[in-house]
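To start, the structure under review is shown below, and the notes come after it.
The values are calculated or read from the model by the stated rules, or taken from the named source; none is laboratory data. None of the values given here were measured: they were computed from a predicted structure. Cβ: placed from backbone, ideal geometry, glycine included. Neighbour counts: every protein chain shown.
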């Protein structure tokens, strides 16, 4: 019992530690991810604000001269590129100066993979050389022709367009407002459409940030695992001290029950013997019958309490396991209870698989059967039924006891296995119940590596299912 308590203490403590540690590490990574992504978006916004509007022919901010185009190489934006694609998919401008050796074909592939809803597919054709062009060289000197030999435009005019001062139609204004943001292949991108249907892009390389997030995630996981193991060692080391007061109280309780039980056995035997002698000399009386009944009831209760105390101390390993025919023992035990069942009009139905062999403490198996049958006969409905079944699987033996009741208990079915639990105290005393029988049944099953469960069925029927290992 102490070892089981220690195990539960360790498991509960480590479950709490695991949850708290997981929440903490997840929070650290989520915050780090949010900060990193926010910083990347901020850098992209700065690139868009300072560079994208300088793209020749862009409707975002009008034309700029070379002297107006900022030199941002020292601003720490990282690897990025900007590009403009006209309505036919032709690249009319590209700046790969800061793109960290990104090839022109790779740039085209990224643009198409971004799949911007309002953008034409980039064909890779260009009106300028596909080599990297810096913003400082993007615009030709004043008086010279632009790429494609278009005539220079006057002040405030766009190449090949009406003067910029002319009012745009509603459709052109709507087109200008279209923009899209997203991510593709380790790049954040921003795309905006100009009134002539062309699209200007800004792509920011965030692959290093993503790799950094992954590295930080792996490091935090490894640190979390190391910290968890360290806490586990500390909890295991301190668990004995933590449960020492509880273990001491439980040990005192167990010793009291054991010592008291042994002390009760002799006086009870003397009382029953004296009742027998008195009946020989003076005949039977109802008072002598009451004395014998209560003495036998107290003797049975003492026996069950000693069984529980012994199993609490060392489990079913305190008993000797032997190989026996579980089916035959069940048949014999049912035969003993048939007469008492018939007195209450209870019909016993059996479905027992023949020849089931078990290697288990035989006395405890016999005690379990007697307790279950006694419980069903005492508390079952008069003129009702009791169904008993035994079946064997590969490693387990299953016992099923099912009977009808006048009224099912109001308590949860699992509560029926609590020590000294009685659904109806007065009725239990009248039938000789002690409220400890089902607790002994569950203790025998659990200490043997099995289980004991109860459930309520329709028509006021209660079912007990007990599983025991074939070999202990």
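General remarks:
- Criterion applied to 386, 371, 390 was being surrounded by 14 or more Cβ atoms within 10 Å (Cβ to Cβ), in contact with a helix residue (DSSP H, G or I) (Cβ under 9 Å, 6 or more places away or on another chain), over 23 Å from residue 408 (Cβ atoms) and in contact (Cβ under 8 Å) with a residue 40 or more places away in the chain, and the one residue passing it is 390.
- Answer residue from the stretch 60-80, given it is touching a helix residue (DSSP H, G or I) at 6+ places or on another chain (Cβ under 6 Å) and either modelled with pLDDT of 70 or more or within 17 Å of residue 193 (Cα to Cα) (or both) and is surrounded by the most Cβ atoms within 10 Å (Cβ to Cβ) among those: 80
- Subset of the stretch 105-118 (residues that are surrounded by fewer than 19 Cβ atoms within 10 Å (Cβ to Cβ) and over 44 Å from the mean Cα position of the chain (by Cα)): 105
- Checked against (1) assigned to a helix (DSSP H, G or I); (2) modelled with pLDDT of 85 or more, residue 176 passes all but condition (2).
- Qualifying position, being assigned to a helix (DSSP H, G or I), modelled with pLDDT of 60 or more and not assigned by TED's automatic domain parsing to the domain that holds residue 219, among 42, 27: 42
Let's see how each residue does on (1) modelled with pLDDT of 70 or more; (2) surrounded by fewer than 13 Cβ atoms within 10 Å (Cβ to Cβ):
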| residue | (1), (2) |
| --- | --- |
| 242 | yes, no |
| 246 | yes, no |
| 254 | no, no |
| 268 | yes, no |
| 271 | yes, no |
| 275 | yes, no |
| 283 | yes, yes |
| 290 | yes, yes |
| 301 | yes, no |
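This table checks each residue for (1) farther than 21 Å from residue 453 by Cβ; (2) touching a helix residue (DSSP H, G or I) at 6+ places or on another chain (Cβ under 9 Å); (3) in the same structural domain as residue 460 (by TED's automatic domain parsing); (4) in contact (Cβ under 8 Å) with a residue 40 or more places away in the chain.
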{"site": "331", "(1), (2), (3), (4)": "yes, no, yes, no"}
{"site": "336", "(1), (2), (3), (4)": "yes, yes, yes, no"}
{"site": "347", "(1), (2), (3), (4)": "yes, yes, yes, no"}
{"site": "350", "(1), (2), (3), (4)": "no, yes, yes, no"}
{"site": "404", "(1), (2), (3), (4)": "no, no, yes, yes"}
{"site": "411", "(1), (2), (3), (4)": "no, no, yes, no"}
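- Test: residue in the stretch 214-223 that is closer than 30 Å to residue 52 by Cβ and either in the same structural domain as residue 90 (by TED's automatic domain parsing) or surrounded by fewer than 15 Cβ atoms within 10 Å (Cβ to Cβ) (or both): yes
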